[in-house]
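Only one structure is covered here, and it is reproduced in the block below.
The values are calculated or read from the model by the stated rules, or taken from the named source; none is laboratory data. The structure presented is a predicted model; accordingly, all values stated were derived computationally and were not measured. Note that each Cβ is placed from the backbone with ideal geometry, even for glycine, and that neighbours are counted across all protein chains shown. Only protein heavy atoms, including side chains, enter the accessible area calculation; ligands, DNA and RNA are left aside. Shrake-Rupley method; radii C 1.70, N 1.55, O 1.52, S 1.80 Å.
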Amino acid sequence: GSALMAGGLFASDRRLKSNIVRVGTHPLGIGIYEYDIFGKRQRGVMADEVLTVRPSAVHRHASGYFMVDYGQLT
């Protein structure tokens, strides 16, 4: 899993997540979710939703999956 983390960037591609449950709403108006990724339960956002409100925070990893720079979501 650590291969898809770099600095403040975290793998946030919906295709990598399972057991997704919306648990809240981010101040930007997008969902906050709990999900399983890389064998761990985590909480965060979905890159495809971030693209609609803060596209500069989304980057495409060399693997083709989207990553989110959580530092830009404040």
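Highest mean packing first, where packing is the average number of other Cβ atoms within 10 Å per residue, the peptides 44-57, 22-35 line up as 44-57, 22-35. Keeping the other protein chains in place, figure out the carbon and sulfur percent of the accessible area of the chain, with a 1.4 Å probe. Whole-percent figure for carbon plus sulfur exposure: 55. Remark: region 46-57, residue by residue, has Karplus-estimated 3J(HN,Hα) of 10, 4, 5, 6, 4, 4, 7, 10, 8, x, 5, 8 Hz, where x stands for each Gly or Pro and the curve is 6.51 cos²θ - 1.76 cosθ + 1.60 at θ = phi - 60°. Dividing the mean sequence gap of close Cα pairs (under 8 Å, 6+ apart) by how many residues the chain holds gives a relative contact order of 32 percent. The residues of the chain present an accessible area of 57 Å² per residue when probed at 1.4 Å with all protein chains retained.
Placing +1 on the Cβ of every Lys and Arg and -1 on the Cβ of every Asp and Glu, with no other charges, gives the chain a dipole of roughly 120 debye about its Cα centre. Converting phi to 3J(HN,Hα) with the Karplus coefficients 6.51, -1.76 and 1.60 and the offset θ = phi - 60°, region 19-32 yields 6, 7, 10, 6, 10, x, 10, 6, x, 6, x, 9, x, 10 Hz in sequence order, with x at every glycine or proline. Give me the net charge of residue 29's neighbourhood, meaning all other residues with Cβ under 11 Å from the Cβ of residue 29; Lys, Arg count +1, Asp, Glu -1. Charge balance near residue 29 sits at 0.
Adding -39500 (n - 2.57) for every DSSP H run of four residues or longer, then dividing by how many residues the chain holds, sets the calculated 222 nm ellipticity at -2500 deg cm²/dmol.
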